[in-house]
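Asker: Handing you a structure now.
Since every read-out is calculated from the coordinates, none of them should be taken as a lab result. What you are looking at is a predicted structure, and each value in this text was computed from that prediction instead of being measured. All Cβ positions, glycine included, derive from the backbone under ideal geometry; neighbour counts span all protein chains shown.
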Amino acid sequence: MRRILLMLVSVVVLLSPAGVQASADREADHKELTALRETTQKAINTMNFDILKPYLVSDNLTVITVDGKKYESLTAFRDYWNQLFQTKAFGLDRIEVNPVADGPTDFLADTVGVCHGTSNDRYFFKNGEIRVMPERWTAVVVKDNGQWKVSRIIFSANILDNPVVTALQQETGKVIAIAGLAGLTIGAAVMWLIGRKKA
């Protein structure tokens, strides 16, 4: 009986003008946050981080990257991201992120929410190879002057089953093998020259 009464009270609250308004407000919030996630995805995939600036609280952005590094501004994260493609050892050409939310944002307060989900990111290597790395992400969003903005983003991946790390290890192994072969060839050539001089 008590359970039925609680359900009836919940229905009455939801159908009341205040309840309907709160539900409509949350629906608007969810739509805005979905658009914010799409803007963040576009900023990362196009490497045009300037489009994200209006959606940050005074450029107050903290990002924990998939390799465990922490950056405390959009500029710092952008520099890190650009460096990924300039480091020859990585051999990366570009990365495409594809964030999908697990569900609606969890609102911790009227102006604070936590979103989380998955992202099957595609890593394009300069040798033409493409690797997909499943990741998880969590974002903290804050409503600032009536607009939802990003405050924190955390990425994580499985370190035990990581196709990107495997690809990098394979490339590193190739480089080591080539360097070793070159060393053996040069060593053999030197020995042959020494042997000729002695003869």
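Asker: Using 1/(1 + (r/R0)^6) with R0 = 25 angstrom and r between the beta carbons of Ser156 and Asn45, what's the FRET efficiency to the nearest 0.05? Kindly include the intermediate steps, with their values, before the conclusion.
Answerer: Values: r = 19 Å, r/R0 = 0.78.
With R0 = 25 Å, the Cβ-Cβ based efficiency is 0.80.
Asker: Give the calculated FRET efficiency between Asn98 and Ala24 to the nearest 0.05, with a Förster radius of 25 Å applied to their Cβ-Cβ distance. Before the final figure, lay out each step's value.
Answerer: Working: r = 30 Å, r/R0 = 1.19.
Rounded to the nearest 0.05, the efficiency is 0.25.
Asker: Oh, and also: Going by how many other Cβ atoms sit within 10 Å of their own, how do Leu33, Leu56 line up, fewest first? Could the numbers behind the result be given before it?
Answerer: Working: Leu33 21, Leu56 17.
Ranked by crowding around the Cβ, least crowded first: Leu56, Leu33.
Asker: From the Cα trace of the stretch 2-157, what convex hull volume per residue do you get, rounded to a whole Å³? Don't jump to the answer; show the numbers that get you there.
Answerer: Details: hull volume 20.0 nm³, N = 156.
Normalising the Cα hull of the stretch 2-157 by residue number yields 128 Å³.
Asker: Which of Val142, Val63 has the fewest other C-beta atoms within 10 Å, and how do the rest follow up to the most?
Answerer: Details: Val142 17, Val63 21.
Ascending number of Cβ neighbours within 10 Å: Val142, Val63.
Asker: Tell me, in nm to one decimal, what length is gained between Arg136 and Val57 on full extension, where the rule is 0.36 nm per residue of separation less the Cα-Cα distance? It would help to have the intermediate numbers written out before the result.
Answerer: Numbers: separation 79, 0.36 × 79 = 28.44 nm, distance 2.33 nm.
Net length gain for the segment: 26.1 nm.
Asker: For the stretch 98-104, in order, what is each residue's ³J(HN,Hα) by Karplus, 6.51 cos²θ - 1.76 cosθ + 1.60 with θ = phi - 60°, in whole Hz (x at glycine and Pro)?
Answerer: 9, x, 10, 6, 5, x, x
Asker: Using R₀ = 30 Å, calculate the FRET efficiency as 1/(1 + (r/R₀)^6) where r is the Cβ-Cβ separation of Glu32 and Lys88; round to 0.05.
Answerer: Working from the Cβ atoms, E equals 0.15.
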